[in-house]
Structures are given as structure tokens and as C-alpha cells.
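Where a number appears in this text, it was derived from the coordinates with a stated rule and is not lab data. As the structure is a computational prediction, the values presented were derived from the model and not from experiment. For neighbour counting, all protein chains shown are included, and Cβ atoms are generated from backbone atoms with ideal geometry for every residue, glycine included.
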Amino acid sequence: MGSSFEPSLIVESIPKLLSYLHITIEILALSVGLGLLLGILIAMPRLYHIPILKEIVTVYISFIRGTPILIQLFLVFYGLPVVVGLFGIDITRMDPFYFVIVTYTLSNAAAFSEIFRGAITSVDYGQTEAAYSIGLTPLQNFYRIVFPQAFRVAFPNIANASISSLKDTSLAFSIGVMDMMGRGETLISATMHAVEIYISLAIIYYVIVLIFERLFKWIERYLNRYLVKDELSL
Amino acid sequence: MIQLSNIQKSFGKTEVLKGIDLQVNKGDIVSILGPSGSGKTTLLRCINFLEKANEGTIKVDNIALDVKTASKKEITELRKKTAMVFQNYNLFQHKTVLQNITEGLMIVQKKSEKEAIEIAKTMLTKVSLEHKANNYPSALSGGQQQRVGIARALALNPEVILFDEPTSALDPELVGEVLDVIQKIAKEGITMIIVTHEMNFARDISNRVVFMDGGVVVEEGTPSEIFNNPKSDRTKQFLRRLVPEFTYEI
Ligand SMILES: Nc1ncnc2c1ncn2[C@@H]1O[C@H](COP(=O)(O)OP(=O)(O)OP(=O)(O)O)[C@@H](O)[C@H]1O
Ligand SMILES: [Mg+2]
């Protein structure tokens, strides 16, 4: 890598890297989408004090929070085939992409569930009573009254967590998923110019993050439509 | 018709309701009066199972439930026959005024959107808020929010509307508009049970007044029986403290 700095390489490699952007976006979309579903589910035991399950999710969340995502990725990549193998199913040849999805889903779900738990608790219980008083069932109350408002409260934090997760997707290459980062590594081997390629990668990630931030702000404004102005500044 | 028999409710060791019997006939407007902590709110909330009584039976129209054996499904069925107006309005904050009213019509009563909107608009006209149909609750004054709360309850055409101090969270200058609305709908023959500290209002609006103290019904009767000729000492004492100019014939 002793070659001199070549600025033109930064520009030239951007389209090459971008051709793998869809992998990054797929990882993000799937792991955030599935993470939201799982996150809501695992928020339930603690919200509604379901014994045993409550303890299990508490340990799970604390474990995810307390370990680096890279180690989680390796644990899933090497550990999951062993566990599944006990049931006679061989997944050792499965595309590493799926291990990445599993890991990021599990990780996002832990973060999201804590965000949801706080947000659901923040919705005034009086509205739940009003919902019951007009004859809604607990389930209808949850998805029609409580959840939409909790989602608004949770959204900014979910957006932040998703942006962190976007940056974390760059670790997927460690278990052999060919994403932008992976493509970057091969470009580096081919050109022997590491700095230029990393600059290109940094630019791409940064621009994507900026686009997502803009998009999220926009959604946030829509979600807040029913608040008066002075509530918004809180 | 609503029939409560032997309603008992404790919070931990505190006995709040000590066996309440109450019958409310169709079209009755019953005011429940009593000192703070006497169990008025708790009684009202036991009727639609927002609070689960420990003992007793509750009958609303053709649904009679023993509180100890009532299933979730039966409770929901009973709630469909009642509606409640809350002290703090409890409007659905993420729904417009119109949607607050159509929610129960469409989701619970399974009416078409068109029909629900039509009913909602009629109700909004009744509470003089048709021009606020598309506003969110946060953009309304307390008095306006409470009128929406009343419209939401009224729209469901329930057997009974339960009011828990509908004006006590309001600024004094907004109390009148809400009381006027309640008075107006009272004339339509809807059965109502109203917990209130507004004595004059209770006297004007109701055909029956129930006085509660310490978790029991101390006395009940027509407004003139209770206000002009109370029998129990506790009622007299309560009214004397609450209505300074209050006098009764001896
Ligand atoms: N959820 C609860 N947990 C414990 N105690 C309660 C609860 N709700 C009510 N109580 C107690 O029950 C008693 C009756 O309360 P309730 O709210 O029914 O009185 P009230 O007649 O409506 O009074 P007020 O006029 O102040 O509204 C009070 O002593 C109150 O502290
Ligand atoms: Mg009360």
C-alpha cells in the first residue's frame, strides 16, 4: 500500500461501491422491520408482568446491550448452526446474509423493545379507559389507541437506533457477506489504495445517514401532526 | 334499566363500597352526591367494570352479570351498553374530533363509515362543535373537549351515560357551556347517572338524587326531598357545608 495518494480514485470507486448499496439497504430494512415486530412482542412480558417470560426477556435485553455487535454476529454465525444442528438440521452452508439478518434483528429488537416499553407507558391510561368504556376490546385498544400514540413517542429513538444499526451493517463483511464494505475490501486489494477507498466508503455512509435523517425528520413531523405547537417543543 | 345489587369494593384493606343497591329506570337522571372519598367515582366505575367490584351483581338492560364470574367477553358486551364521560375528557389524542366519535360507531357497532360520519356530525351539532370536526383535541379548550366527550358517549346511543364530575377539571368560565349541553341532552330522555359537586345543577337536572357517604347510600329521593327536606343528619351536614345559603324546612 505504498502508492501515492490518488484523489481521482475516490470518485472512481464510488459507483463501484454503490452497486452493493442494495445489500446494505436490504440488511437494514429487514433487520429494522423484523426488529420492530420482535421488539413489540418482547416488550409485552415486561409491560404486562408475565412471569418467567419477563425474566427471560430481561436477561436477553441486558445481554444484547452488554456485548459488542461483532461478537453477537460471530456467536450467531458459529453458534446457530450448532444449536440448529442438535435438531438434525444442517445450516452450515446457508448464505451468511441470513446470519446477518438474524443477528441484527435480535440486536435491534432488544433496543426497540426498551424504546417501546417506555413509549407505551407514556400514553395516558385515561384513553385506555375511554376505549374500554365505548366497548373496544383490549386488543383493539392496543392497536387503535395506544400503539399509534406510543409509536409517535418512540419514533425519534427508533430512528436513531436504526441509524446506528445502518452503520453497524458494515460489519457484515466479517462473516463474508459481500456488501459495500466487502466490495471496498476487494477494491483495496486490487488497487492497493486503502485510504482513497475508505474515504469513498465514509462519504457514502455519511450521505446515506444524512438522507435517512432527513427522511426520519419528515416522518416525525407527520406523526406529530396532532400535537399543538408548545407540546412539540417539550 | 340498570340494577345494582350489593356492590362491594375494597382497595386492599380499605372498604370503599359496602353493599350498594341502586335501581335506575329508563329515562332517569340520577345525581350522586357525597363528600370526597365517599366512593362515588368507584361506584360509577364499577358499573362499566373499569373497576371490578368484589361482590354483587350488575344488570344493564338484558345483561346481568355477577361481578365474580363475569368473563372478559361479557364485560365488553356490558360496556357496549354504557358510555362514560370522564373528568379529564380522555379524548383520543391522535384522532380528530370526528374520528373520536366515529371510533366506537365503526369499530364497536360496525356501522359503515358513511353512516358513522353522519351520526357523528349530528352529535357535534348537538354540542355546537360542528365547526371543529377536523381539529385534534389538543387544539380545543377544556370545555370544548368535554363537549366532544359527551358527543362521543351520546353517539353510541347507550342504555346509560355515566358522568364522573364532568365539569370539575374545567376553568370556572367553561363550566356553564358543558352543563348547558348536559341539560339539553337530558331532555331527550337518555338515562344518565351523574356524579357531581354542582348542587344547583343536580337539583335542576335530576329526577332522583342519591346521597352517598362512607361507601353506603345514606339517602335517596327526589331533588326536593333531598335538598329541601333531607332526613339524615349526614345529608343535612353535607348540604349545609356545600350550599352556604342552604336552608331546609324543619
Ligand atoms: N385505585 C385505588 N386504589 C386505592 N384506593 C383507592 C383507589 N381508588 C379510590 N380509592 C379510595 O377509595 C375511596 C373512595 O374513592 P372515590 O374516588 O370513589 O371517591 P369519590 O366519592 O369519587 O371522591 P371525590 O369526590 O373526591 O371524587 C377513597 O378513600 C380513595 O382513596
Ligand atoms: Mg370522584
How high is the FRET efficiency from B:Asp61 to A:Tyr60, r the C-beta distance, R0 56 Å, rounded to 0.05? 0.70
Apply the Karplus parameterisation 6.51 cos²θ - 1.76 cosθ + 1.60, with θ equal to phi minus 60°, to every residue of segment A:143-160 and state each ³J(HN,Hα) to the nearest whole Hz, in sequence, with x for glycine and proline. 8, 9, 10, 6, 4, x, 6, 5, 4, 4, 5, 6, 3, x, 6, 5, 4, 4
What list of ³J(HN,Hα) values in whole Hz, one per residue of segment B:12-24 in order, does the Karplus curve 6.51 cos²θ - 1.76 cosθ + 1.60 (θ = phi - 60°) give from phi, with Gly and Pro shown as x? x, 8, 7, 7, 9, 10, 10, x, 9, 10, 8, 10, 10
So B:Asn135 and B:Asp21, fully extended at 0.36 nm per residue minus their Cα-Cα distance, gain in nm 36.9 nm
To the nearest whole number, what is the average tally of beta carbon atoms from other chains within 10 Å of the beta carbons of peptide B:91-99? 5
Highest mean first, how do B:149-161, A:83-95, A:47-59 rank when packing is the count of other Cβ atoms within 10 Å averaged over residues? B:149-161, A:47-59, A:83-95
Positive minus negative residues near A:Gly184 (Lys, Arg vs Asp, Glu; Cβ under 12 Å): -1
Percent RCO, i.e. relative contact order, over segment B:41-174, from Cα pairs under 8 Å lying at least 6 residues apart: 31
Kyte-Doolittle mean at least 1.6, axial Cα span of 15 Å or more - DSSP H helices of chain B: none
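Find how much the distance from A:Tyr143 to A:Ile91 grows on full extension, using 0.36 nm per residue of separation minus their present alpha carbon separation; answer in nm with one decimal.
Value of the extension gain: 15.1 nm.
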Too long for a 23 Å Cα-Cα cut-off, among B:Lys13/B:Lys68; B:Lys18/B:Lys80; B:Lys40/B:Lys73; B:Lys132/B:Lys184; B:Lys110/B:Lys184, are B:Lys18/B:Lys80; B:Lys40/B:Lys73; B:Lys110/B:Lys184
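Just rank A:His193, B:His94, fewest to most, by other beta-carbon atoms within 10 angstrom.
Ascending Cβ contact count within 10 Å gives the list A:His193, B:His94.
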Please list the non-local residues whose amide H lies under 5 Å from the amide H of B:Ile32, H modeled 1.01 Å from N, same-chain partners needing a gap of 5 or more. B:Ile194, B:Val195, B:Thr196, B:Val210
Ranking of A:Leu210, B:Leu170 by count of other Cβ atoms within 10 Å, fewest first: A:Leu210, B:Leu170
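By per-residue mean of other Cβ atoms within 10 Å, what is the highest-first order of A:127-133, B:3-9?
In descending order of packing, they fall as A:127-133, B:3-9.
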By how many nm would the segment from A:Asp124 to A:Asn157 lengthen if fully extended, with 0.36 nm per residue of separation less the alpha-carbon distance? 9.9 nm
Considering only A:Ser19, A:Ser31, A:Ser174, give the residue with the highest GNM mean-square fluctuation for chain A, with springs between Cα atoms whenever their separation is below 10 Å. A:Ser19
For chain B, rounded, prolate or oblate, judged on the Cα gyration tensor with a ≥ b ≥ c (square roots of eigenvalues), a/c < 1.5 rounded, else prolate if a/b > b/c? oblate
Pairing the Cα long axis of helix A:7-18 with the longest principal axis of chain A, what angle in degrees results, from 0 to 90 and rounded to the nearest 10? 50
Reach of A:Lys16 by Cα under 21 Å, taken over lysines that are not fewer than 8 positions away in the same chain: A:Lys167
Mind giving me the nanometre distance, one decimal, between the label points for B:Ser128 and A:Tyr222, set 7 Å out from Cα along Cα→Cβ? 3.9
Nitroxide proxy distance, nm - points 7 Å out along Cα→Cβ at B:Thr69 and B:Asn157: 3.2
